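Asks: The structure is given below, and queries will be raised subsequently.
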Amino acid sequence: LYQQGVDATICVVCGRNEKLKDELSTRDFAQVAEEINTNSTGKKRRRFLSRVFGRKKANQDVNGQDIENGNNVKGQIDVLPLGFVTDMPEYMVAADVLVTKAGPGTIAEAAAVGLPVMMTSFLPGQEAGNVDVVLEGGFGEYSKRPSEIADIVASWLQDSDLLSSMSQAAKKAGHPYAADEIVRDIGQQTIAWMTLNEK
């Protein structure tokens, strides 16, 4: 994000992992970004961007438009480490993108609020199908490679039309009132069986 000139606030929900939260609170992310930039040759990144966006000149954006400043403009990134939170729905509503493992509850919550999802991992067997739901629903992608995740998320954040269409796809896939509907159906079936048994 930093290297591609994307401004972002990244909320990292650490749960009860206080050690991780403390480590993130004291890390100099600008220095980390610079180290990544000086240590990488850029070949893999260029190959990935070429594959995703087609062949374009180095000084063109996603839509093929000329970029005046090229890579000289760096993004302003703020990292906000959070511990255990009880207001996750509010964070999801405020977010533009969710980067997470492919947990069913998390994906269902994201879809219910129209939040595009970048999945980074899944538990074999029980969560593998969740990746397919997101990919086939058109509201997210999967990668376990950090550099590829960063490139994908940066491309989403730089394309408001794409983000909007992914958000609509997430809402279409989401069922925010599913729990209410399940309870109502169970109640109706229970009453129907009770009535049938009384006869």
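Asks: Among the residues of segment 154-182, write down those that are part of a helix (DSSP H, G or I), farther than 14 Å from residue 138 by Cβ and open to solvent by 30 Å² or more (accessible area, probe 1.4 Å).
Replies: 157, 160, 178, 179, 180, 181, 182
Asks: A follow-up question, please. Tell me which residues, restricted to segment 83-141, are open to solvent by 70 Å² or more (accessible area, probe 1.4 Å) and among the hydroxyl-bearing types (Ser, Thr, Tyr).
Replies: If the condition is that a residue be open to solvent by 70 Å² or more (accessible area, probe 1.4 Å) and among the hydroxyl-bearing types (Ser, Thr, Tyr), then 86, 91 are the ones that fit.
Asks: If you take just the helices (runs of 4 or more DSSP H) that sit entirely in segment 83-153, which of them hold at least 3 residues that are in contact with a His (Cβ under 9 Å, 6 or more places away or on another chain)?
Replies: Answer list for segment 83-153: 104-112.
Asks: Report the residue count in segment 4-29 for those that are surrounded by fewer than 17 Cβ atoms within 10 Å (Cβ to Cβ) and either assigned to a helix (DSSP H, G or I) or among the acidic types (Asp, Glu) (or both).
Replies: Residues in segment 4-29 being surrounded by fewer than 17 Cβ atoms within 10 Å (Cβ to Cβ) and either assigned to a helix (DSSP H, G or I) or among the acidic types (Asp, Glu) (or both): 10 in total.
The values are calculated or read from the model by the stated rules, or taken from the named source; none is laboratory data. These figures come from a predicted structure and were not determined experimentally. As a convention, Cβ positions derive from the backbone with ideal geometry for all residues, glycine included, and neighbour counts pool all protein chains shown. Accessible surface is based on the protein model in full, side chains and every heavy atom, while ligands, DNA and RNA are left aside. Shrake-Rupley method; radii C 1.70, N 1.55, O 1.52, S 1.80 Å.
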